[in-house]
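Participant: Have a look at the structure that comes next, please.
The values are calculated or read from the model by the stated rules, or taken from the named source; none is laboratory data. On a predicted model such as this, the values are computed, not experimentally measured, just so you know. When we count neighbours, we look across all protein chains shown, and the Cβ atoms used for this are built from the backbone with ideal geometry, even at glycine.
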2 protein chains.
Amino acid sequence: MNPARANRTRKRTRIQEENEERILDAALEVFSTWGYRGATVDQIAALAGMTKPNLLYYFRRKEDIYLAVLNRTHEMWLEPLEHLDAAGDPSREIAAYIDRKLEMSRDNPKASRLFAMEIIQGAPILGPVLGGRLKRLVDEKAAVIRSWIDEGRLAPVDPHHLIFMIWATTQHYADFDTQIRAVLGAEATQPAHFDTAKQTLEQVFLSGLTGRTGNAR
Amino acid sequence: MNPARANRTRKRTRIQEENEERILDAALEVFSTWGYRGATVDQIAALAGMTKPNLLYYFRRKEDIYLAVLNRTHEMWLEPLEHLDAAGDPSREIAAYIDRKLEMSRDNPKASRLFAMEIIQGAPILGPVLGGRLKRLVDEKAAVIRSWIDEGRLAPVDPHHLIFMIWATTQHYADFDTQIRAVLGAEATQPAHFDTAKQTLEQVFLSGLTGRTGNAR
DNA sequence: CAAATTCCTGACCAAGCGGTCAAGGAACAT
DNA sequence: ATGTTCCTTGACCGCTTGGTCAGGAATTTG
């Protein structure tokens with residue numbers, strides 16, 4: 001397993017740092033749109049403003065680029081759920097979780113689409129993470145939600161599927177952005193409809209889970 | 001614009017009918033997993049049990065296969081929303097809509113993933129449909145929902161975003177099937193967790209929109 | 001059953017793909 | 001400024017890709 005020539009270097013240089021970042025930015029853009037097989041190294045190199053052999057000086061193989069960009073975004077992806085606090089107020093915690101996920105969809109839609117593509121393709125790389133760390137994290141937080149339900153502080157719903165619902169609704173705004181823009185039409189530009197989305201999600205989830213109404217009309 | 005040789009034929013033969021169907025089935029499988037660029041004609045041909053030149057006898061170009069398979073599934077995709085009936089009971093109508101969408105995710109996950117890939121890639125083909133027929137349909141049904149809200153029969157939420165929420169939560173079970181299986185683990189096989197999903201969705205949506213609780217615990 | 005038509009295939013092609021390499025240019029330490 | 005290390009590139013390679021084509025095998029038609 002030969003490292004890229006750039007990594008045979010004594011220490012990390014400034015140019016290395018810069019170029020690897022440019023490559024990963026470009027790779028995120030390209031992989032998140034075309035998927036692993038649909039993306040080409042030439043495309044990534046062009047978007048990063050360099051020649052293909054130059055790119056391959058930093059990442060020896062296409063797969064290495066993919067792994068690197070998945071790794072770079074992977075933590076950010078798991079993080080929001082980790083902050084769900086068993087000691088907090090259920091409604092507030094769930095609302096805050098929805099907010100964090102929605103912000104991720106707005107600020108980093110490419111990362112969301114990258115994971116969407118990876119999972120639709122059967123999660124060839126992320127598979128072990130899904131059944132490992134992610135499963136453990138979800139099971140842990142599902143137990144928290146279940147305890148809230150048992151204490152009568154939340155309507156009785158299946159905690160795992162509640163988490164799926166929150167993932168689905170929030171990530172939808174990143175993954176299906178094209179469709180949302182087309183359906184909303186000119187009426188709504190991006191920053192505006194995210195606020196409406198946030199209100200709608202919190203309204204439905206919170207009153208659906210606690211009986212209380214979130215935002216009055 | 002030369003048609004495929006099979007279409008230069010006088011009338012549609014039995015063999016044509018059969019083979020085109022086999023090709024479209026295979027194409028749905030392959031395109032829904034790999035996207036347009038990631039899919040190869042060889043792959044589709046192999047899955048359809050024929051040679052590549054034989055496949056190209058029926059569809060002259062890769063793009064023609066993609067268009068045909070999108071067209072074939074396109075109606076099915078729009079249909080569930082069309083049945084939302086302004087004259088019906090709001091809760092019942094929304095529950096029925098969720099059911100139909102969830103059934104589609106269970107019975108035809110590949111079609112769902114095909115559209116997901118197409119939209120993530122910026123809807124190069126479906127774009128006009130999204131801003132055209134789909135937008136008109138959604139606007140029409142959003143008006144129905146708004147009238148229900150104005151009559152006080154539904155909590156005040158943005159109708160467009162409510163529809164997005166239903167799309168997101170139901171399609172999630174098709175598009176992210178891999179992730180759901182990984183997270184649920186061995187505990188849940190497919191037919192079983194769809195029931196739980198249905199109950200959870202209806203509970204959250206219905207009590208979130210009407211104050212009433214869907215299924216008691 | 002033969003003639004017309006439809007169906008199928010191996011061989012092939014140009015273009016695009018991921019990846020290599022030798023060699024020249026920049027950047028840097030001393 | 002000079003030797004050393006790092007960076008960049010054009011030319012190239014073998015393989016896969018979408019697509020063609022001539023001709024033979026099946027099937028349908030009279």
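Participant: Among the charged types (D, E, K, R) and either in contact (Cβ under 8 Å) with a residue 12 or more places away in the chain or within 9 Å of DNA strand D (Cβ to nearest atom) (or both): is that true of B:Glu75 in this structure?
Facilitator: So B:Glu75 fails the test.
Participant: Considering only residues that are within 21 Å of B:Glu151 (Cα to Cα) and among the small types (Gly, Ala, Ser), look in the range B:194-213 and name the one that is modelled with the lowest pLDDT.
Facilitator: B:Gly211
Participant: Please pick out the residue among A:Val129, A:Val157, A:Val144 that is in a helix (DSSP H, G or I) and more than 15 Å from A:Glu93 (Cα to Cα).
Facilitator: One residue alone meets the criteria, A:Val129.
Participant: Does the range A:44-62 hold any residues that are within 6 Å of DNA strand C (Cβ to nearest atom) and either more than 15 Å from A:Glu20 (Cβ to Cβ) or surrounded by 14 or more Cβ atoms within 10 Å (Cβ to Cβ) (or both), and which are they?
Facilitator: Once the filter is applied, which keeps residues that are within 6 Å of DNA strand C (Cβ to nearest atom) and either more than 15 Å from A:Glu20 (Cβ to Cβ) or surrounded by 14 or more Cβ atoms within 10 Å (Cβ to Cβ) (or both), the range A:44-62 yields A:Lys52, A:Pro53, A:Leu56, A:Arg60, A:Lys62.
Participant: Please verify whether the range B:21-43 includes one or more residues that are closer than 24 Å to B:Pro128 by Cα, away from chain A (no Cβ under 14 Å) and within 15 Å of DNA strand C (Cβ to nearest atom).
Facilitator: yes
Participant: For B:Leu70, which of the numbered conditions (1) in contact (Cβ under 8 Å) with a residue 40 or more places away in the chain; (2) within 16 Å of DNA strand C (Cβ to nearest atom) fails to hold?
Facilitator: Going through (1) in contact (Cβ under 8 Å) with a residue 40 or more places away in the chain; (2) within 16 Å of DNA strand C (Cβ to nearest atom) one by one, B:Leu70 breaks only (2).
Participant: Further question on the same structure: Going by the structure shown, is B:Gly122 more than 17 Å from the chain's Cα centre (by Cα), within 12 Å of chain A (Cβ to nearest Cβ) and of a type in the set (Gly, Ala, Ser)?
Facilitator: Spelling it out, it is not the case that B:Gly122 is more than 17 Å from the chain's Cα centre (by Cα), within 12 Å of chain A (Cβ to nearest Cβ) and of a type in the set (Gly, Ala, Ser).
Participant: Looking at A:Leu154 and the list (1) more than 23 Å from the chain's Cα centre (by Cα); (2) surrounded by fewer than 19 Cβ atoms within 10 Å (Cβ to Cβ), which single condition is not satisfied?
Facilitator: (2)
Participant: Considering only helices (runs of 4 or more DSSP H) fully contained in the range B:1-65, which possess at least 2 residues that are of a type in the set (Gly, Ala, Ser) and either more than 27 Å from B:Arg113 (Cα to Cα) or more than 8 Å from DNA strand D (Cβ to nearest atom) (or both)?
Facilitator: B:14-38, B:41-48
Participant: Quick one: in the range B:168-182, which of the residues that are at the interface with another protein chain (Cβ under 7 Å from one of its Cβ atoms) and assigned to a helix (DSSP H, G or I) is surrounded by the most Cβ atoms within 10 Å (Cβ to Cβ)?
Facilitator: Of everything passing the filter in the range B:168-182, B:Asp175 is surrounded by the most Cβ atoms within 10 Å (Cβ to Cβ).
Participant: Yes or no: B:Leu81 over 30 Å from B:Ala155 (Cβ atoms) and assigned to a helix (DSSP H, G or I)?
Facilitator: no
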